[in-house]
Amino acid sequence: MQTMTPQAAEAAGYRALTTEYKIPEEQWMMDRVLADMKRGGIDTVIVSMARGQEIWRRAPHSQSN
């Protein structure tokens, strides 16, 4: 799983999906969210914050008809 800074993630088109997980106490919750995102084929990254880690996702490209 790719880890980014908030600035790099935002520049790459990612937006926060979760609030900060306190590691290691909440690692199990973060792992479950990441597994769900992987199963859904959703583009996600881990963003290192001051007090923990967040999961950010990139919105799918919308198609106009």
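The values are calculated or read from the model by the stated rules, or taken from the named source; none is laboratory data. Just so it is clear, the model here is predicted, and its values are computed rather than measured. Cβ atoms come from the backbone with ideal geometry, glycine included; neighbour counts cover every protein chain shown.
Read through the list (1) of a type outside the set (D, E, K, R); (2) out of contact with any Asp or Glu (no Cβ under 9 Å at 6 or more places or on another chain); (3) at negative phi, then give the number of the only condition that T19 fails.
(2)
Which of the residues belonging to the range 27-65 are modelled with pLDDT of 95 or more, out of contact with any strand residue (DSSP E or B) (no Cβ under 9 Å at 6 or more places or on another chain) and among the charged types (D, E, K, R)?
Listed by number, the residues that qualify are D31, R32, D36, R39.
From the residues in the range 9-61 that are in contact (Cβ under 8 Å) with a residue 24 or more places away in the chain and in a helix (DSSP H, G or I), which one is surrounded by the fewest Cβ atoms within 10 Å (Cβ to Cβ)?
It comes out as L34.
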